Amino acid sequence: MSTEEQSGGPALEITAALAGRRFGLCGFDTSEARRISRVLRGAHAFAMPFEERQLAESARICNGIVIKLLSVSLEGQRAAAASAAPTLVTCPSQALFEGVGAAYRWPSDFINEPWPDTELLVRLFRLLEPPGSTRDGPVASRMEPLVLLADDDPDLTALVDATLRSNGITCRTVDNGLAALQLARELGPDLIVLDIRMPKMNGFEVLETVRRDPSLQAIPVILLTGCDDLTDVMRGAELRADEYLSKPVSPKRLLDRVKRLLSAGAGNAGRPAAGAAELT
């Protein structure tokens, strides 16, 4: 194989992967959007500018989202983080270091400004084809079931974590909704336990996103709440929560519900359990 062929190989693979794909753009001015559109056209892909209010729906028609972090409001960032579409963030590296919008945590990838055209294509390729990761790999190789617990009460999470692990169930814990959503997409857990009142994204927002995401929607979800408001109960039922437990909840009671849902198997995941609309 010639040197020319070798050097062209990766470029051909990248453009082939991007061909026909649609990428939503948000936060870019007219000249920036035109530049990105031109770069994408060179790879036979398409750019679709979105306003912030449209970000929540962008996943339905786009394969990925590109947002300019410093030009998008916090509300827009939350909408992008909640989208089922993978997100590429552009911003100066200093902004990430300073923690603007917690963008070091929720995007699928980020690119430092200013960026060359070729790097944008490579980042978008990686956005669609994460290196070395497939959904079936880590799930199939797990020796123990994996539960993702999202709650901002450190005492409860520590106690539940210890209880599950002592019963042969691996537990990963986070203290906010955005982190829960990101880790769910990375790990593909067998079950998710969500506190309703959490920072950044509440449990309802996470559950609604999970039920819209084809890669997550079959995962059973338990909602935890510190109140018995009937409105919250009905909201959980509408979003197809599999269980709804009120706080304070004993680790033993939660363990029983976790075991029941895990033993039910993937065939029943994503459907409301009997009595899911009842507070227990």
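Table: residues versus (1) under 30 Å from VAL210 (Cβ atoms); (2) in contact (Cβ under 8 Å) with a residue 24 or more places away in the chain; (3) of a type outside the set (Lys, Arg).
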| position | (1), (2), (3) |
| --- | --- |
| SER31 | no, no, yes |
| ILE65 | yes, yes, yes |
| SER71 | yes, yes, yes |
| GLU75 | yes, no, yes |
| ALA80 | yes, yes, yes |
Is it fair to say ALA85 is of a type outside the set (D, E, K, R), assigned to a loop (DSSP other than H, G, I, E, B) and in the same structural domain as PHE23 (by TED's automatic domain parsing)? yes
Using the structure shown, decide if ALA11 is at pLDDT below 85, over 18 Å from PRO86 (Cβ atoms) and more than 28 Å from the chain's Cα centre (by Cα). yes
Only one of (1) assigned to a helix (DSSP H, G or I); (2) more than 15 Å from the chain's Cα centre (by Cα) is not met by CYS171, so which one is it? (1)
Of (1) surrounded by 17 or more Cβ atoms within 10 Å (Cβ to Cβ); (2) at pLDDT below 85, LEU230 fails just (1)
If HIS44 satisfies every condition in (1) closer than 24 Å to PRO199 by Cα; (2) modelled with pLDDT of 80 or more; (3) surrounded by fewer than 18 Cβ atoms within 10 Å (Cβ to Cβ); (4) in contact with a Ser or Thr (Cβ under 9 Å, 6 or more places away or on another chain) but one, which is the exception? (1)
Among the candidates SER58, SER83, SER73, single out the residue that is touching a helix residue (DSSP H, G or I) at 6+ places or on another chain (Cβ under 7 Å), under 23 Å from ASN176 (Cβ atoms), surrounded by 15 or more Cβ atoms within 10 Å (Cβ to Cβ) and among the hydroxyl-bearing types (Ser, Thr, Tyr). SER83
Among the residues in region 255-266, are any among the β-branched types (Val, Ile, Thr), at pLDDT 70 or above and buried (at least 19 other Cβ atoms within 10 Å of the Cβ)? yes
For region 89-109, give me each residue that is surrounded by fewer than 20 Cβ atoms within 10 Å (Cβ to Cβ) and not in a helix (DSSP H, G or I). PRO92, GLU98, GLY99, TYR104, ARG105, SER108, ASP109
List, please: which pairs have Cβ atoms under 9 Å, are six or more places apart or on different chains, and start with a residue in region 179-190 that is farther than 15 Å from VAL221 by Cα and end with one that is buried (at least 22 other Cβ atoms within 10 Å of the Cβ) and of a type in the set (Gly, Ala, Ser)? ALA179/ALA150; GLN182/ALA81
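The values are calculated or read from the model by the stated rules, or taken from the named source; none is laboratory data. Model, not experiment: these values are computed from the prediction. Cβ: placed from backbone, ideal geometry, glycine included. Neighbour counts: every protein chain shown.
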